[in-house]
1. How do 127, 208, 270 rank when sorted from fewest to most other Cβ atoms within 10 Å of their own Cβ?
2. Just to be sure I follow: if Rg is taken over the C-alpha atoms of the chain and Rh is the Kirkwood radius over the same atoms, what is Rg/Rh?
3. For the chain, with the dipole built from +1 on Lys and Arg beta-carbon atoms and -1 on Asp and Glu ones, taken about the Cα centre, which of 76, 45, 87 lies farthest toward the positive end?
4. Treating cross-link reach as a plain straight distance, find the lysines whose alpha-carbon is under 23 Å from the alpha-carbon of residue 88, omitting any fewer than eight places away in the same chain.
5. Evaluate the Kirkwood expression for the hydrodynamic radius of the range 93-132, namely the inverse of the mean inverse distance over all pairs of different C-alpha atoms, and round to one decimal in Å.
6. Just the ratio, please: alpha-carbon radius of gyration of the range 57-176 over 2.2 N^0.38 Å, N its number of residues.
7. In nanometres, what is the gap between the two model label sites at residue 251 and residue 131, each 7 Å from Cα along Cα-to-Cβ?
8. What percent of all Cα-Cα pairs in the range 112-200 falls into each 10 Å bin, going from 0 up to the bin containing the maximum distance?
Amino acid sequence: MNRYRIILILMALSLFLLSAGCIQEQGTANVTVSTPVPTQETMPGVLDRVTGETRAALDSLNATVADAAMKLGSTGISGPEADAVLVKLPADNPAIVNVITYDPNGTVLAAEPASAQILIGKNLFEHEIVRSTLKTEEPAMSEVIALAEGGEGSVLAYPVFSSDGNFTGVVSIAFSPYELIAPLTEKAMEDTPFTFTVAQTGGLLLYHANPDLVGKQTFNESAFAGFPEILDLARQYSANRTGYETFPFYSVQSGKIVQKETYWDTVGLHGTEWRVLVIGEM
């Protein structure tokens, strides 16, 4: 009897082990392997996020200058109190190169930081954005231009009105679009397999995954000379605020020529627009 009992116990144990093995195999078979979502399904969402963040960065910059204009309406656009308002702007935002005020004739009365004070007393009326802001007494943002103190940047200007409503001049910042954009696009590139380009409507590259191309004009850039599809893309995004295109260019990873696809959208301020492109390899 004991022998049969032992045999039954062994049979039960064997069945249990076999059952456990089946369960384990079945559990392993049911493990879901994460499959990358097709590029075209994820790119628009990523573009929306980066476009929204870029728009928010521009809006924040705009609010900063508008606030300075309001304060200068009380302090005046020159003197120690005005300087105290101006000095905070480049200190608080690394994208800001300098901040100046100029009178209704276009003559600079105050400037920060110290490196920009060479502009004090200089008349800037020859610059289009200066003439435009003085004429319209409305906020304006330029495309990238040559700055009076040297270098290049975009300019955001706001009229200043005294407490009794008189136009007293303009507060104007010069800022680097690249420094404004790069923290946003580079964070997105850490989280996704995509790259980004931000360009003016005329094709000037404000941001590119290849730093050597930042500041280059697409239509005149030798790196694009053998890629007519890229020139056609630039014409497309120049004319259209949103869109989708494919084109060949060098892979960021391998350096080989691959087929790419891009969606783009638009951000803008005071009538000046930038195109934000998200780019993936097909």
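Here, each number is a calculation from the coordinates, and none is a lab measurement. Since we're looking at a predicted model, the values are computed, not measured. As a convention, Cβ positions derive from the backbone with ideal geometry for all residues, glycine included, and neighbour counts pool all protein chains shown.
1. 270, 127, 208
2. With Rg and the Kirkwood Rh in hand, the quotient comes to 1.31.
3. After comparing all options, I get 45.
4. Within reach: 71, 122.
5. Result for the range 93-132 stands at 10.5 Å.
6. That works out to 0.92 for the range 57-176.
7. According to this spin-label approximation, the distance is 5.1 nm.
8. Percent of pairs per bin, in order: 14, 38, 27, 15, 6, 0.
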